[in-house]
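J.: Here it is: the structure, laid out below.
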Amino acid sequence: MLFFKDVYFVTSIILLFLLVCGTVDCLFKKSRFSKLSASLQETVIISVVFFLAAMLTKHKLASEILYGFFLGSLDFTMYVALYFVYHLDGTKKISPLYKKRIYFCLGLATIDSLINCTNLFHHLYFSIKPVYLNDVLFCWAPSYTPFMHIHLFVMYLIAFYTLILLYRIICSVSKIYRHSFISLSVFYILVLLLNGCYVSVFRNLYLDFSLIFYELMAFIAYIFIIYIMPVRIKNNLFSIAGQDLSDGILCFDNQMRCIYKNTLGEKIYKDDEQSNTWVNQYFEKPEDFIRTTEVFEIDGEMHFFKLEFCRIKDKAQKFSGYYFKLNDRTNEVKNLEQAQYRATHDELTGVYNRSSFFKEVERILKSEPDDPRYLIGTDIKHFKLLNDLFGTQFADNILKQQVAMLYKANYPGCIYGRISADRFAMLIPKKYFNPKYAIENTSKIKDIAKGVNFNLRFFVGVYEISDSHESVNSMWNKVCLAIKHNDNENNVLCFYDTSLMNKLIEEKNVISAFEYALKQNQFCMFVQPQIDSSTQKCIGGEILTRWRDVDGGYRQPSSFIPILEEAGLIFKLDYYMWELAVKKLHEWKSIPSLQNLNLSVNISVKDFYYGDLYKIFTELVERYEVSPAKLHLEITESMIIGDKHFYRSILDQLKSYGFIIEMDDFGSGYSSLNALKEMNMDVLKIDMGFLKKSENEVRGRIIIDAIVKMAKDLGMRIISEGVETSMQIDFLKKCGVDVFQGFYYSKPLPIADFEKKFAEDKK
Ligand code: C2E
Ligand code: CA
Ligand code: CA
């Protein structure tokens, strides 16, 4: 018995010492749990101290008081355990009922504790008895009355609530915490069972062994809550968080065993031979940190990773393992590739865009400068019109067909590009270029447009690369030049030759000389008279520009008007001519023989974009006090492509102001009838092509007859241009043409000659 007592005391005191240490440790820690753990340990320490003191004292009264305090402190130990568990519930969703129960338990524990502490006076729970061992007083021990069951009931009730709370927590917390709470519950039940055993079976031992388990419980709870649980939770939380990281994580221990891999890591590292080979190659490298890229196949798709490999070292710089971080950059790489593709290729047809095509040509010529090659360009005449008449979808389809045609010449070393809206280019080794195929293939594209009754004219410019150091831009310009100066409309293939360069130089000369010539008044007004068909009298004339050379000769408009139009300079010349014409009309106002004459001026379609035509013409006639009806404005019908509403609104304004609007070259374009429908004009000038002598002369006449009838029905006057013979005049008169203009009457004359001739005429 003495031996047991010694063992019991030594064990209790060791545990007591541990509890004191734990309490001190907890008091230094600032967390909520450390405070809870400290209070649990403190109450257990108090209980143990009371019990040991009660057992050790030989004084009956002191022993009785100490036993009372011991039993009273046990109430609070149980309560603090309950309170401890209550605060472990991290969900904080405990219903108010639980809170009330906890207060109830506190009340019960307090009352029971008071009864225990005051047992000395009423002996309700126990009386004190001496225990002798070999006739020597061993200790004073309590002899419990049946009322002691009240104390036990209070204790077990609190324990029961504690277990309910633990159960609640176990059910509600995440899996990662559950394990810890189950262990805690199991341990608590064990302590309760041991206590139950002591109370019912081993009470006569006098030594309360369950108290040792209380001590153990408080100490284990302390270790568990302060040290084990946080680490386990941290690990669990990290691994959960790591699972869903967008990066792949792989950790290897110092034995090169994989100790952790998250979801993406699992897909990359499969622990097979192949996987081990690639991780080993990193392990064998001397570097502590490597940053590189790797490609892995995941679910049958190639993925691009940014890889970071790190040799892990602890604080003491001792090697502890390896770590891989794999950042999936597949989307980024794909986006980059797509962006690169978009930046270098044409969206519609998929061939290179202009800059990439040029770069690629340059690269090829640099790498194989001696292989003879052709640079080829394709062009669709009036592509804009095609867009306008049949819609972008149709036009896009033609472009795609064009590329398909180019692809037919898919020989090694061929590359393709879209240089501008309707111009495609191809670089082809000379040995593969077959002009016959080129013509045949282009004629197939023409067939697509047959369905819509449009004469698709398609040209292929060919430039033989003679100097591989020449800039690609210059080569391309030569291809364009070949297309542009194609004299024969039936010629599909247009080869570049040096004479074309002379034409280009001529164009450049026109452009550079233009401004100076304008200032020097080198542009002169020629007038071609217009004759009334019924009276055969001159009613005015059309102003046609001539450029006076230094040698006194005159340049025809065909040699400079198209160049100025293309260079965006035509507006300057036109405005100059319009002003001359209005000035002339002003001058004529005071000359009776000329005051009734009209003057027609030509308007280039580009003029619409360089100035407000309504404002310009109204200002001109107002400034020179000329009636707008005297100024006739000629617009070429076929030029009106695109935004018809835009042209129409300007022409309508001019017309309602009083100008006479003439539709020039009617019948020469593709959509004459359309233009007639859309534009509300006063005069229709029949294109001279209908009068030209040809096999189809008779048909031309039938058409003229029909046009005249139609125009009359639309309330328009009719002028016939290019009248050269009296037979034509007879015919046109019969048809009902109102006005004649042509060489039969006069060629365009210098204005002074015109004035002289027709002023005399009137006399
Ligand atoms: P257009 O407006 O159709 O002018 C009629 C053209 O036909 C003139 O050519 C005239 O000389 C020519 N012509 C007149 N009668 C006959 C004939 O009986 N037989 C033949 N074979 N030809 C005849 P031109 O003067 O060379 O003008 C050519 C074109 O240049 C004009 O065609 C007009 O579109 C344009 N043009 C002339 N001057 C100007 C101008 O100041 N501004 C603008 N924008 N264009 C102008
Ligand atoms: Ca004209
Ligand atoms: Ca004309």
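J.: Output the residue which, of all residues in segment 537-569 that are surrounded by 19 or more Cβ atoms within 10 Å (Cβ to Cβ) and within 16 Å of ligand 3 (Cβ to nearest atom), is farthest from Y610 (Cα to Cα).
T.: The extreme case among them is G540.
J.: Something else about it: Would you check if there is a residue in segment 380-388 being out of contact with any Leu (no Cβ under 9 Å at 6 or more places or on another chain), aliphatic (A, V, I, L, M) and either surrounded by fewer than 18 Cβ atoms within 10 Å (Cβ to Cβ) or at pLDDT below 90 (or both)?
T.: Taking every residue of segment 380-388 in turn, at least one turns out to be out of contact with any Leu (no Cβ under 9 Å at 6 or more places or on another chain), aliphatic (A, V, I, L, M) and either surrounded by fewer than 18 Cβ atoms within 10 Å (Cβ to Cβ) or at pLDDT below 90 (or both).
J.: Would you mind finding the one in S627, S593 that is more than 10 Å from ligand 1 (Cβ to nearest atom) and touching a Lys or Arg at 6+ places or on another chain (Cβ under 6 Å)?
T.: On inspection, the qualifying residue turns out to be S593.
J.: Determine if segment 99-122 includes at least one residue that is modelled with pLDDT under 85, small (G, A, S) and out of contact with any Lys or Arg (no Cβ under 9 Å at 6 or more places or on another chain).
T.: The answer is no, given that none of the residues of segment 99-122 is modelled with pLDDT under 85, small (G, A, S) and out of contact with any Lys or Arg (no Cβ under 9 Å at 6 or more places or on another chain).
J.: Which of the following residues is closer than 26 Å to A675 by Cβ, at pLDDT below 85, among the hydrophobic types (A, V, I, L, M, F, W, C) and in contact with a strand residue (DSSP E or B) (Cβ under 8 Å, 6 or more places away or on another chain): L406, L456?
T.: L456
J.: I would also like to ask the following. Pull out all pairs, ordered by first then second residue, where Cβ-Cβ is under 6 Å, the residues are six or more apart or on different chains, the first lies in segment 532-556 and is farther than 16 Å from G722 by Cα and among the basic types (K, R), and the second is outside any loop (DSSP other than H, G, I, E, B) and within 14 Å of ligand 2 (Cβ to nearest atom).
T.: Between residues of segment 532-556 that are farther than 16 Å from G722 by Cα and among the basic types (K, R) and residues that are outside any loop (DSSP other than H, G, I, E, B) and within 14 Å of ligand 2 (Cβ to nearest atom), the close pairs are R546/F526.
J.: Please tell me if S668 is of a type in the set (S, T, Y) and more than 24 Å from P557 (Cα to Cα).
T.: no
J.: Related question: Being over 13 Å from Y282 (Cα atoms) and among the aromatic types (F, W, Y) is the filter here, so list the residues in segment 304-331 that pass it.
T.: F304, F305, F319 - these are the residues of segment 304-331 that are over 13 Å from Y282 (Cα atoms) and among the aromatic types (F, W, Y).
J.: Looking at V20, V85, V49, V80, which is the one that is in a helix (DSSP H, G or I), of a type in the set (V, I, T), under 14 Å from I225 (Cβ atoms) and without any contact (Cβ under 8 Å) to a residue 60 or more places away in the chain?
T.: The conditions single out V80.
J.: Enumerate the pairs (first residue in segment 655-679 and free of Cβ contacts under 8 Å to residues at least 24 places away in the same chain and closer than 13 Å to A711 by Cβ; second residue anywhere and more than 16 Å from ligand 1 (Cβ to nearest atom) and among the aliphatic types (A, V, I, L, M)) with beta-carbon separation below 9 Å, excluding pairs fewer than 6 apart on the same chain, so at least 6 apart or on different chains.
T.: L673/M710
J.: Restricted to segment 386-422, and to residues that are in a helix (DSSP H, G or I) and β-branched (V, I, T), which residue is nearest to the chain's Cα centre (by Cα)?
T.: The qualifying residue nearest to the chain's Cα centre (by Cα) is T392.
J.: Moving on. Looking for something closer than 30 Å to D388 by Cβ and small (G, A, S) - is there at least one such residue anywhere in segment 612-630?
T.: Scanning segment 612-630, I find no residue that is closer than 30 Å to D388 by Cβ and small (G, A, S), so the answer is no.
J.: Of the residues that sit in segment 678-697 and are among the polar types (S, T, N, Q) and over 27 Å from T618 (Cα atoms), which one is modelled with the highest pLDDT?
T.: It comes out as N696.
J.: Quick check: anything in segment 141-155 touching a Pro at 6+ places or on another chain (Cβ under 7 Å) and farther than 30 Å from F104 by Cα?
T.: no
J.: Here are the criteria: (1) surrounded by fewer than 17 Cβ atoms within 10 Å (Cβ to Cβ); (2) of a type outside the set (F, W, Y); (3) within 23 Å of D467 (Cβ to Cβ). Tell me which single one E440 does not satisfy.
T.: Every condition holds for E440 apart from (3).
J.: Let me ask you something else. Cβ-Cβ below 7 Å, separation at least six or inter-chain, first residue in segment 563-579 and closer than 20 Å to L620 by Cα, second among the small types (G, A, S) and near ligand 1 (Cβ under 10 Å from one of its atoms): which pairs?
T.: Within 7 Å, the pairs are I570/S604; D574/S604.
J.: Scan segment 514-528 and tell me whether some residue there is farther than 17 Å from W588 by Cα and within 16 Å of ligand 3 (Cβ to nearest atom).
T.: No, the conditions are met nowhere in segment 514-528.
J.: Further question on the same structure: So, in segment 709-728, how many residues would count as being of a type in the set (A, V, I, L, M, F, W, C) and either out of contact with any strand residue (DSSP E or B) (no Cβ under 7 Å at 6 or more places or on another chain) or more than 16 Å from ligand 1 (Cβ to nearest atom) (or both)?
T.: Here the count works out to 5.
J.: Going by the structure shown, is L564 part of a helix (DSSP H, G or I), at pLDDT 95 or above and not β-branched (V, I, T)?
T.: yes
J.: Let me ask something else. Being more than 12 Å from ligand 1 (Cβ to nearest atom), of a type in the set (V, I, T) and crowded, with 16+ Cβ neighbours inside 10 Å is true for just one of V605, V601, V582. Which residue is that?
T.: Testing whether each residue is more than 12 Å from ligand 1 (Cβ to nearest atom), of a type in the set (V, I, T) and crowded, with 16+ Cβ neighbours inside 10 Å leaves just V582.
J.: So which of K325, K366, K334 is touching a residue at least 24 places away in the same chain (Cβ under 8 Å) and assigned to a helix (DSSP H, G or I)?
T.: K366
J.: May I ask you to verify whether L245 is at pLDDT below 85, within 30 Å of F70 (Cβ to Cβ) and not in a helix (DSSP H, G or I)?
T.: No; evaluated as a whole, the condition is false for this residue.
J.: Residue check, D687 against (1) within 16 Å of ligand 3 (Cβ to nearest atom); (2) closer than 23 Å to Q556 by Cα; (3) in contact (Cβ under 8 Å) with a residue 60 or more places away in the chain, all met but one. Which one?
T.: With (1) within 16 Å of ligand 3 (Cβ to nearest atom); (2) closer than 23 Å to Q556 by Cα; (3) in contact (Cβ under 8 Å) with a residue 60 or more places away in the chain applied to D687, the lone miss is (3).
The values are calculated or read from the model by the stated rules, or taken from the named source; none is laboratory data. For clarity, every value in this text was computed on a predicted model and none was experimentally measured. Please note: Cβ atoms are built from the backbone with ideal geometry, for glycine as well, and neighbour counts cover all protein chains shown.
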